[in-house]
Amino acid sequence: HVQLVESGGGLVRAGGSLKLSCKVSDHPYSTTCMGWFRQTAGKEREAVAALYAGNAGTYYAESVKGRLTISQDNAEAPMYLQMISLKPEDTAVYYCAAGTTCLRLDRVYEYNSWGQGTQVTVS
């Protein structure tokens, strides 16, 4: 499985912007899908945005459509999450994930590789 490392989180004011990065290494050729998930204390981890390798398809949570954009130039390149017009409810730990079998982009169980997470706080 691939190794993933997130970066780019931090403190930002409401309405501001952040760009998260996910470094991909080891076996990117075996990856079928990649995505960004977020989680807050006491809540289930939820999908934010995800894509199939080669941009064959994408998923965006309804709450982030038009504000967050997922991108990756190729399977070996870093994956990004461009975040604009941030809201306090976007505050969470954001995780980068990769899967080798992906029937559903928005399901946690489809992903078998996870990064350590990066904190995003919007005030």
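The values are calculated or read from the model by the stated rules, or taken from the named source; none is laboratory data. Since the model is a prediction, treat every value here as computed from it, not as a measurement. Every residue, glycine as well, gets a Cβ built from its backbone with ideal geometry; the counts of neighbours run over all protein chains shown. Heads up: the accessible areas ignore ligands, DNA and RNA and are worked out on the full protein's heavy atoms, side chains in. Shrake-Rupley method; radii C 1.70, N 1.55, O 1.52, S 1.80 Å.
Before moving on, here are some points about what is shown:
- Neighbours by Cβ (under 6 Å, 6+ apart or cross-chain): first from region 91-120, among the acidic types (Asp, Glu); second at pLDDT below 95: 110/99; 110/102; 110/104
- Looking only at region 79-90, and only at residues there that are without any contact (Cβ under 8 Å) to a residue 60 or more places away in the chain and crowded, with 16+ Cβ neighbours inside 10 Å, the one that is nearest to the chain's Cα centre (by Cα): 79
- Some residue of region 28-44 being in a helix (DSSP H, G or I), under 16 Å from residue 2 (Cβ atoms) and open to solvent by 40 Å² or more (accessible area, probe 1.4 Å): yes
- Test for residue 15: is it among the small types (Gly, Ala, Ser), at pLDDT 95 or above and open to solvent by 30 Å² or more (accessible area, probe 1.4 Å): yes
- For residue 75, the criteria (1) small (Gly, Ala, Ser); (2) out of contact with any Lys or Arg (no Cβ under 7 Å at 6 or more places or on another chain); (3) assigned to a loop (DSSP other than H, G, I, E, B); (4) within 24 Å of residue 12 (Cβ to Cβ) hold in every case but one, which is (4).
- Flag for residue 67 being closer than 20 Å to residue 102 by Cβ and at pLDDT 95 or above: no
- Residue in region 104-123 that is buried (at least 18 other Cβ atoms within 10 Å of the Cβ), within 17 Å of residue 8 (Cβ to Cβ), touching a helix residue (DSSP H, G or I) at 6+ places or on another chain (Cβ under 7 Å) and modelled with pLDDT of 95 or more present: yes
- Hits in region 83-118 - residues which are part of a strand (DSSP E or B) and over 19 Å from residue 33 (Cβ atoms): 83, 92, 93, 118
- Pair list, Cβ < 6 Å and 6+ apart or interchain, from region 42-70 residues that are closer than 16 Å to residue 93 by Cα and without any contact (Cβ under 8 Å) to a residue 60 or more places away in the chain to residues that are assigned to a helix (DSSP H, G or I) and open to solvent by less than 80 Å² (accessible area, probe 1.4 Å): 48/64
- Tallying residues that are open to solvent by 40 Å² or more (accessible area, probe 1.4 Å) and either assigned to a loop (DSSP other than H, G, I, E, B) or of a type in the set (Lys, Arg) (or both) within region 52-72 yields 3.
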